[in-house]
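Engineer: I am attaching a structure below and will ask some questions about it afterwards.
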């Protein structure tokens, strides 16, 4: 037997089977490995027992001499004896129950969905796409999939990856903004104290009264000051038309986008069914985002 097996192949490196896991998986892995090295049927029958241990080894020792004539016959008896250890395969309807949880990121949802896909037997791609899309919450990814349905499951995952990166980038920006705001709030009292200490005192001698400004001059100064401070910035009336939706454009230029201002609308007055990936907050979607 050793002369027919390549010298660089060692059965000791093959994972042993003790009868507690799926026998079909072990059998197919062994068959594939041996056929890859060109081992004939007789070598498969002789080498297979060396991959067994525990209860599986005890089962092999009960086989009577002269009763096994091919590896297929041994495989059939092996699977029939350990059939109770097989993991039950789940149907496609199992994927329909997977939903994106409240507050769960798109990446975490897709990773959880892909793990469940591995447990489904003979899965159809159209069923997988419908199940993944049906489990999404109301976000820009769902809007994109409804607007243009993907070609296949691989195309869906590739498009979802773009939204995953955008979601993570906005989250990092939000965390950075929160850290800067927290650092700024902690330094405000010290800055205010230094500014008051650095403020120059009046050099007027004691008992000297400062000259009063005429009322008309004061009113004129206040009016001019109000125009400068309160005048709203000008806005354009006409904009160049975009060649893509407001949802797709930021994905292409997300590295050049400025940091969004914090939404000022009270949370109770916002539409919680809409989510803006630019602000990373509820209230509107990217198609309605005024800042974009």
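Engineer: Give the residue, chosen from 141, 95, 136, that is part of a helix (DSSP H, G or I), out of contact with any strand residue (DSSP E or B) (no Cβ under 9 Å at 6 or more places or on another chain) and in contact (Cβ under 8 Å) with a residue 24 or more places away in the chain.
Structural biologist: 141
Engineer: Which one is farthest from residue 244 (Cα to Cα), of the residues in the range 280-292 that are part of a loop (DSSP other than H, G, I, E, B) and in contact (Cβ under 8 Å) with a residue 60 or more places away in the chain?
Structural biologist: Per the stated criteria, the residue is 280.
Engineer: Is it fair to say residue 90 is touching a strand residue (DSSP E or B) at 6+ places or on another chain (Cβ under 8 Å) and either at pLDDT 85 or above or within 13 Å of residue 23 (Cα to Cα) (or both)?
Structural biologist: For residue 90, the condition - touching a strand residue (DSSP E or B) at 6+ places or on another chain (Cβ under 8 Å) and either at pLDDT 85 or above or within 13 Å of residue 23 (Cα to Cα) (or both) - is not met.
Engineer: Right, another one. Name the residues in the range 55-72 that are part of a loop (DSSP other than H, G, I, E, B) and over 21 Å from residue 39 (Cβ atoms), would you?
Structural biologist: 62, 64, 65, 66, 67, listed by residue number.
Engineer: Before we move on, is residue 151 over 14 Å from the mean Cα position of the chain (by Cα), surrounded by fewer than 17 Cβ atoms within 10 Å (Cβ to Cβ) and part of a helix (DSSP H, G or I)?
Structural biologist: no
The values are calculated or read from the model by the stated rules, or taken from the named source; none is laboratory data. A quick note: this is a predicted structure, and the numbers were derived from the prediction, not measured. Virtual Cβ from ideal backbone geometry, glycine too; neighbours counted across all protein chains shown.
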